[in-house]
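First up is the structure itself, then whatever we jot down about it.
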Amino acid sequence: MKQLIVDGNTALYGIIGNPVNHSFSPDMQTRAFQHLALNAVYLPFPVMENDLPRILDAFKLLKVKGFNITIPYKEKIIPFLDSLSAEAKLLSSVNTVKWTEQGWKGFSTDGTGFIRSLGALDLDLKGKRVMLLGAGGAAKAIAVSLANAGIVHLVIVNRTPERADALAEMVAFCNENVEISCNPDKPLPCDLIVNSTSVGMKNGGCPLDNDQVELCGAVVDIIYNPSRTTLLREAQKRGIPNLNGIGMLLYQGVESFEIWTDQKAPIHVMEESLNKSLAIG
Ligand code: ATR
């Protein structure tokens, strides 16, 4: 592999958020650049909300080529961008920005990253019934991508029913071919269950009763820390194929890399970096 020499031509990429110092993306993206012999580095930039417009001016001045945005600025960045992809506009959420001839363009790679991560399950989404747990920002991106991937029925389950209804309305607006229902009163057979809530991150909680888990063909939990949530362990016990959120984390980064460079990302290199970072913690 060609050694990266940082010099006067090195392109700068980064991630803004607060906090952002523990992000896995700087190592993952810099190693990907290095692997393809692209003269570029990627750094974390912790930013206070009031400084968002100034950081964009600074990035422009420094000729930053692109950056990621993480919590809590995925929506707040939007007024300072020059254009949005159709998906970012629909979701009102941006996690990737690229400098273009027309200025800063915002994208959302969460949903497409999620769909690509499902490759590990070898599941064709066409014609499938999916149960989505949660109705927050991540759920929105996932729901729209699932609908566009050809599922026929989406069941949204959320603690706050009004948010489930609002998400259902939004998905129906952008894809009229999907049948949508919310908060069913009994367990339903489904091909895939996706947990996008934070239940399971701490205290070992499970977002679903076991009688519902038993009725599904596959389970994805977008949580990656812990890597095996109670929900995934319950699925595993029953021999149900299951997947944690590391793939989504990986592929949203893969998609960002491909938007910035117009090249195929070296997925194995990025995955290796991510696994190392996760092991260190
Ligand atoms: P994100 O952007 O990561 O999706 P979010 O927008 O805050 O985060 O959404 C968090 C999701 O987890 C929501 O669906 C939330 O349910 P509510 O809409 O009822 O708030 C869900 N969630 C968080 N804590 C929960 C809990 N203890 N029990 C059930 N659902 C929970």
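The values are calculated or read from the model by the stated rules, or taken from the named source; none is laboratory data. A quick note: this is a predicted structure, and the numbers were derived from the prediction, not measured. Virtual Cβ from ideal backbone geometry, glycine too; neighbours counted across all protein chains shown.
If you go through region 114-162 and pick out every residue that is of a type in the set (Val, Ile, Thr) and assigned to a strand (DSSP E or B), you end up with 4. Asp124 fulfils the conditions (1) touching a His at 6+ places or on another chain (Cβ under 8 Å); (2) more than 16 Å from the ligand (Cβ to nearest atom) except for a single criterion, (1). When region 1-31 is filtered for residues that are under 30 Å from Pro72 (Cβ atoms) and either touching a Cys at 6+ places or on another chain (Cβ under 9 Å) or in a loop (DSSP other than H, G, I, E, B) (or both), the ones remaining, listed by number, are Thr10, Asn18, Pro19, Val20, Asn21, His22, Ser23, Phe24.
Residue check: Leu123 meets all listed conditions (1) modelled with pLDDT under 95; (2) in contact with a Ser or Thr (Cβ under 9 Å, 6 or more places away or on another chain) but one, namely (2). Please report, ordered by residue number, the helices (runs of 4 or more DSSP H) entirely within region 189-281 with at least 1 residues that are touching a Gly at 6+ places or on another chain (Cβ under 7 Å). Fully inside region 189-281 and qualifying: 230-237, 246-261, 267-280. The residue of region 136-171 that is farthest from Thr197 (Cα to Cα), among those that are more than 8 Å from the ligand (Cβ to nearest atom) and not hydrophobic (A, V, I, L, M, F, W, C), is Gly150.
Name every residue in region 172-214 that is near the ligand (Cβ under 10 Å from one of its atoms), under 23 Å from the mean Cα position of the chain (by Cα) and either closer than 22 Å to Ile115 by Cβ or polar (S, T, N, Q) (or both), in order of residue number.
Asn195, Ser196, Thr197, Ser198, Gly200, Pro207
Give me a count of the residues in region 167-181 that are surrounded by 18 or more Cβ atoms within 10 Å (Cβ to Cβ) and closer than 19 Å to Gly136 by Cβ. Counting residues in region 167-181 that are surrounded by 18 or more Cβ atoms within 10 Å (Cβ to Cβ) and closer than 19 Å to Gly136 by Cβ gives 5.
Within region 18-42, residues that are basic (Lys, Arg) reach partners that are modelled with pLDDT of 95 or more and in a helix (DSSP H, G or I) with beta carbons closer than 9 Å, at six or more positions or on different chains, in the pairs Arg31/Val269; Arg31/Met270; Arg31/Glu272; Arg31/Ser273. If Ala143 satisfies every condition in (1) at pLDDT 95 or above; (2) surrounded by fewer than 20 Cβ atoms within 10 Å (Cβ to Cβ); (3) on the phi < 0 side of the Ramachandran plot but one, which is the exception? Single failed check for Ala143: (2). Each residue in region 32-83 was checked for being surrounded by 13 or more Cβ atoms within 10 Å (Cβ to Cβ), part of a loop (DSSP other than H, G, I, E, B) and not aromatic (Phe, Trp, Tyr), and 12 of them qualify.
Screening Gly106 with (1) within 15 Å of the ligand (Cβ to nearest atom); (2) assigned to a strand (DSSP E or B); (3) closer than 20 Å to Gly14 by Cβ gives one miss only, at (1).
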